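Contents: one structure, followed by commentary.
Laboratory data are not the source of any read-out in this text; all were calculated from the coordinates shown. In this text, all values refer to a predicted model and were calculated from it rather than measured experimentally. Glycine gets a Cβ as well: all are built from the backbone with ideal geometry, and neighbour counts include every protein chain shown.
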Amino acid sequence: MDDKLTSTFLRVCQDGSIRAVAVSLQQEPSTISRRLTALETELGIQLLERRKKGVKPTEAGELLLHHLRGQAAELEALTAEFDALRGMRRGSVSLAVGEGFISDLIKNALPSFKKAYPEITFTMRSGSTEAVMQDIQNDVAHLGFVFNATPDRHCKVLAHTAQPLQLLAKPASDWAKTTSPVSISSLALMPSALLLPGSGIGAMVSEVETIYGVRLRRAVEANSLAAIRNFVREGLGVTVLPAFVVAQEIADGTIMALPLDVPEFARGEVSLIARSGRRLPEAAMKLANHAMRSMQAFQA
């Protein structure tokens with residue numbers, strides 16, 4: 001198979017749109033379409049289902065996609081092994097990170113890792129739990145940092161640690177003076193800033209609301225942890241998050257954490273994941289082991 005044809009097929013499957021790939025490559029959509037048709041002709045089978053909004057791999061397309069991704073991962077692992085033999089003087093690690101892990105990763109893991117391996121570079125994508133898991137499944141990232149991810153056969157867990165959700169409030173606020181641990185009925189009366197659905201935390205909150213038949217008092221819903229932290233720091237209300245997400249604010253006294261009397265919130269868990277069956281480069285494995293030891297998220 002021609003490399004140009006298969007690489008075009010991979011790009012189209014990743015972006016889900018011929019037009020998007022054409023714009024990215026600064027080529028005409030018809031050029032991209034011709035390459036895809038040529039590949040289908042060469043293999044004698046339809047690989048893509050054309051829809052009004054983009055394209056989707058057929059069953060044969062999925063088989064080819066799996067094969068090509070496996071080839072790319074094996075070649076990457078082989079190149080990484082060569083780098084390891086050269087003392088890891090170069091290499092790259094791609095990360096998919098839930099927003100709550102970013103400050104912990106950058107403050108507690110990357111500085112010491114970069115000191116030991118100064119020529120290793122990183123790419124980092126942040127997003128919801130669902131987005132991180134998708135990046136891992138699609139080989140967009142070597143490692144993923146997620147909270148309360150649903151088990152998936154395409155992802156393997158390299159490390160996991162219990163991290164319960166806690167009530168976060170401004171120390172000078174009335175909410176910080178409430179009887180601890182805080183019951184679900186008390187929590188439901190407090191103005192809250194909560195993450196939108198799609199995150200592991202948002203899913204836990206929705207589950208608890210269903211179990212107890214309550215609706216938390218949403219003053220703000222956001223997909224940004226920075227917005228939620230600012231909401232709490234300004235004393236506008238409370239939120240429920242794992243304490244490691246606001247470790248710096250707790251240390252400097254601008255936010256305090258209180259335990260919640262909600263057993264379901266105690267089941268929060270952080271995980272470091274990779275794709276099942278993928279041979280990780282040496283640099284990615286070393287970073288994974290280093291992150292487990294140095295990040296607050298993975299300390300019980």
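Worth pointing out:
- Sorted from longest to shortest, the spans of the Cα atoms of segment 3-64 along the three principal axes equal 28, 23, 16 Å.
- Taking the number of Cβ atoms within 10 Å of each Cβ as an exposure proxy, the fewest-first ranking of Asp152, Asp3, Asp104 is Asp3, Asp152, Asp104.
- Computed extension gain for Asn230 through Lys177, at 0.36 nm per residue and net of the alpha carbon distance, reaches 17.1 nm.
- Stretch gain in nm, segment Gln248-Glu130, where the contour uses 0.36 nm per residue and the Cα spacing is subtracted: 39.9 nm
- For Leu241, the residues 5 or more places off, or on other chains, whose built amide H falls under 5 Å of its own are Gln166, Leu168.
- Taking packing as the residue-averaged number of other Cβ atoms within 10 angstrom, the listed peptides 75-84, 210-219 run from highest to lowest as 75-84, 210-219.
- Over the chain, DSSP H runs of length four or greater, each weighted -39,500 (n - 2.57), average out per residue to a 222 nm ellipticity of -12500 deg cm²/dmol.
- Compactness of segment 196-300 as Cα Rg over 2.2 N^0.38 Å, two decimals: 1.28
- Residues listed by number, segment 19-63, amide nitrogen under 18 Å from Asp2 label point at 7 Å toward C-beta: 22, 25-48
- Span per principal axis, largest first, for the Cα atoms of segment 85-132 (Å): 36, 19, 11
- Peptides 163-170, 135-142 ordered by packing proxy, namely the average of other Cβ atoms within 10 Å per residue, highest first: 163-170, 135-142.
- The angle separating the long axis of helix 282-294 from the principal Cα axis of greatest extent in the chain is about 0 degrees.
- Considering only Cα atoms, the convex hull volume of the chain works out to 156 Å³ per residue.
- Ser126 long-range amide H proximity, modeled H, under 5 Å: Val97
- Segment Glu42..Phe82, full-extension length gain: 11.0 nm, with 0.36 nm per residue of separation and the alpha-carbon distance subtracted.
- Taking all Cα pairs closer than 8 Å and separated by 6 or more residues, the relative contact order of the chain comes to 23 percent.
- Per-pair calculated FRET efficiency, R0 = 41 Å: Ile106 and Tyr212 via Cβ, rounded to 0.05: 0.70
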